[in-house]
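One structure is given below, encoded as structure tokens.
The values are calculated or read from the model by the stated rules, or taken from the named source; none is laboratory data. Please read all numbers here as calculations on a predicted model, not as lab measurements. We place every Cβ from the backbone using ideal geometry, glycine too, and count neighbours over all the protein chains shown. Side chains included, ligands, DNA and RNA excluded: accessible areas come from the protein's heavy atoms. Shrake-Rupley method; radii C 1.70, N 1.55, O 1.52, S 1.80 Å.
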Number of protein chains: 2
Amino acid sequence: MFYLIGLGLGDAKDITVKGLEIIQKCDKVLLEGYTSILTVGKEILEKFYGRPLIVADRELCESNIDDILKEAKEKDIALLVVGDPLGATTHTDMLLRAKEFEVETQIVHNASIMNAVSCCGLQLYNFGETVSIPYWTDSWKPDSFFDKILGNYKRNLHTLCLLDIKVKEPTEESLTKKIRQYMEPKFMSVKEAARQIVQIINNLPEKTDIAVDSLAIGLSRVGSLDQKIMATTLEDMQQVELGPPLHSLVIPAPNLHPLELDYLAQYR
Amino acid sequence: MFYLIGLGLGDAKDITVKGLEIIQKCDKVLLEGYTSILTVGKEILEKFYGRPLIVADRELCESNIDDILKEAKEKDIALLVVGDPLGATTHTDMLLRAKEFEVETQIVHNASIMNAVSCCGLQLYNFGETVSIPYWTDSWKPDSFFDKILGNYKRNLHTLCLLDIKVKEPTEESLTKKIRQYMEPKFMSVKEAARQIVQIINNLPEKTDIAVDSLAIGLSRVGSLDQKIMATTLEDMQQVELGPPLHSLVIPAPNLHPLELDYLAQYR
């Protein structure tokens, strides 16, 4: 059996009782290290679970997953994923491959930023499509995500912006070499995301509904005890420090429900 | 301290370890019985937690919550909610009132249908706004949710439709009486939802992008071991039996990603 187990968002104790019991009976437990960041270290998880964990990096998840799945025909293997296991396409793909190999699978769901974002007081059913904001480089500054935010805004919907994560990314120079070298991990902050959005707005040929004085909500470490939430203009969000990763940004709809306004007031 | 604890979607063991530890140390534990349905009975939960539970019905949550919050100034009180605690406006409102009374609060997140719907293979970030489909009566047949589905569809986004739940609803006749009488609980099935949508489509003055032969996905008991998923046309979905509640319906975007198509194929 191949188990995909969500770890939730906070610390070791955010796993479900069901997930913990499965980990404790599995023959092998892998910990995914690349689609998201762990809020606590591997050692703390190992101690809490009472099991050794094998870190499954990008290469293992994308290139060598078949070997693991074949092994799961005979053995019980779990892959632990921060948040909910079906947030990323990689895992849907894994489940399809498992089916091909006739390996049984089970998913253990958990909270993810996609539902826990409601902690800022905005109603989940008023969110439109989610966007990802990528790190810009000198020569690559994609801005199509802004049109999606604008599309939601015009329909009076909120937008959750997932901010870029670079973990175990090969350096450009090493791509052609035999030995891979990796960049330092980096996680986009609310400040950096706001800066890119303000640049896009300032470069627009004409005014749109979203301006630099539009409201934005910055969130960090959602689901952990030290989570931070701040609501201010996009302009001011460029200076807001929300501490260690992970960060997320929300662009709220223009017309908020009175309850949403009341709730947000505490974060202004 | 007032704790809002999500129970997840499946059975007793879908609570997080953190949530379970809080329950076990609380002075009083309330179980919310009206915004959603429990997948297991109160007795099973009580046995698993080793704690008695007080069922908090609609009246308690809406009219008498202040008394509970005042009590939480001195004591530790937890309110258990199926899914994630911030899926419903009632709880945002509770947190605001707690702030008013200067009662400390903590939220323990968990999976909800809003993120676990990804089990059908559709990517979460391609979902537009969520709609609720209400039970129609002879004289009240609201159809504004269909415009929202259509709005998502035109932008190539999926729509999650939450289906109506009637639990502890006072009968119309008893509203004016001193003694309240309640209707039998009922939960809208995928079949019933599809029938209402097909009626709306058939009554439209002209054709829209969504027709009776458009694809729909029915889901039941998501997150539990006996969850069922079925993908077929809206027309055929009117006959599909997916067993006991809760049910949800998804109207997928017209152009699906190859991976989404591959994954859905197993449910056709």
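As a summary of the residue check, A:GLU102 satisfies the conditions (1) within 12 Å of chain B (Cβ to nearest Cβ); (2) farther than 26 Å from A:ASP164 by Cα; (3) of a type outside the set (A, V, I, L, M, F, W, C); (4) free of Cβ contacts under 8 Å to residues at least 40 places away in the same chain except for the one numbered (1). Of the residues contained in segment A:84-95, none is found to be open to solvent by 30 Å² or more (accessible area, probe 1.4 Å) and under 17 Å from A:ALA216 (Cα atoms). Can you pull out the residues in segment A:178-196 that are of a type in the set (Ser, Thr, Tyr) and out of contact with any Lys or Arg (no Cβ under 7 Å at 6 or more places or on another chain)? Listed by number, the list holds a single entry, A:SER189. Sub-7 Å Cβ pairs linking a first residue in segment A:44-65 that is within 15 Å of A:GLU21 (Cα to Cα) and free of Cβ contacts under 8 Å to residues at least 24 places away in the same chain to a second residue that is surrounded by 14 or more Cβ atoms within 10 Å (Cβ to Cβ) and of a type in the set (Asp, Glu), at least 6 apart or interchain, are A:PRO52/A:GLU46, ordered by first then second residue.
Residues that are over 24 Å from A:ALA211 (Cβ atoms), open to solvent by less than 40 Å² (accessible area, probe 1.4 Å) and under 21 Å from the mean Cα position of the chain (by Cα) within segment A:170-189 comprise just one, A:PRO170. Every condition in (1) modelled with pLDDT of 95 or more; (2) touching a Phe, Trp or Tyr at 6+ places or on another chain (Cβ under 7 Å) is met by A:ILE5 except one, and the failing one is (2). Once segment A:128-147 is narrowed to residues that are more than 15 Å from A:LEU163 (Cβ to Cβ) and within 7 Å of chain B (Cβ to nearest Cβ), the residue that is surrounded by the fewest Cβ atoms within 10 Å (Cβ to Cβ) is A:GLU129.
Using the structure shown, decide if A:THR105 is more than 22 Å from the chain's Cα centre (by Cα) and farther than 19 Å from A:LYS13 by Cα. So A:THR105 fits the description; yes. When B:SER189 is tested against (1) modelled with pLDDT under 95; (2) of a type in the set (S, T, N, Q); (3) touching a Pro at 6+ places or on another chain (Cβ under 8 Å), exactly one condition is not met: (1).
Residues in segment A:108-122 that are open to solvent by 10 Å² or more (accessible area, probe 1.4 Å) and more than 7 Å from every other protein chain (Cβ to nearest Cβ): 1 in all. Among residues belonging to segment B:1-50 that are surrounded by fewer than 17 Cβ atoms within 10 Å (Cβ to Cβ) and basic (Lys, Arg), point out the one that is farthest from A:CYS119 (Cα to Cα). For segment B:1-50, the residue satisfying everything is B:LYS47. When restricted to residues that are small (Gly, Ala, Ser) and within 21 Å of A:GLY223 (Cα to Cα), segment A:66-83 contains 1.
The set of residues in segment B:66-107 being small (Gly, Ala, Ser) and at negative phi consists of B:ALA72, B:ALA78, B:GLY87, B:ALA88, B:ALA98. Listed by first and then second residue, the pairs with beta-carbon distance under 8 Å, at least 6 apart or on different chains, first residue in segment B:118-136 and not assigned by TED's automatic domain parsing to the domain that holds B:PRO258, second surrounded by fewer than 24 Cβ atoms within 10 Å (Cβ to Cβ), form an empty list. Counting only helices (runs of 4 or more DSSP H) wholly contained in segment A:162-268, the ones carrying 1 or more residues that are away from every other protein chain (no Cβ under 14 Å) and touching a Gly at 6+ places or on another chain (Cβ under 8 Å) occupy A:190-203, A:234-237. Entry remark, segment A:142-161: residues being in a loop (DSSP other than H, G, I, E, B) and touching a helix residue (DSSP H, G or I) at 6+ places or on another chain (Cβ under 8 Å) number 4 in total. For segment B:198-206, the criterion of being under 23 Å from A:THR92 (Cβ atoms), assigned by TED's automatic domain parsing to the domain that holds B:CYS161, touching a residue at least 24 places away in the same chain (Cβ under 8 Å) and over 16 Å from the mean Cα position of the chain (by Cα) is met by none of the residues. The numbered conditions (1) touching a residue at least 60 places away in the same chain (Cβ under 8 Å); (2) touching a Phe, Trp or Tyr at 6+ places or on another chain (Cβ under 7 Å); (3) over 21 Å from B:LEU246 (Cα atoms) are all true for B:ASP209 except (1). B:LEU80 meets the stated requirement of being in the same structural domain as B:LEU45 (by TED's automatic domain parsing), farther than 25 Å from A:LEU264 by Cβ and open to solvent by less than 30 Å² (accessible area, probe 1.4 Å).
Every residue in segment B:228-263 that is among the aliphatic types (A, V, I, L, M), open to solvent by 40 Å² or more (accessible area, probe 1.4 Å) and under 19 Å from B:VAL131 (Cβ atoms), please. Scanning segment B:228-263 gives a single hit, B:LEU246. The residues of segment A:199-220 that are under 16 Å from A:ASP147 (Cβ atoms) and open to solvent by less than 50 Å² (accessible area, probe 1.4 Å), listed by number, are A:ILE200, A:ILE201, A:THR208, A:ILE210, A:ALA211, A:SER214. Of the residues examined, A:LEU225 is not one that is open to solvent by 30 Å² or more (accessible area, probe 1.4 Å), at pLDDT below 95 and within 19 Å of A:ILE165 (Cα to Cα).
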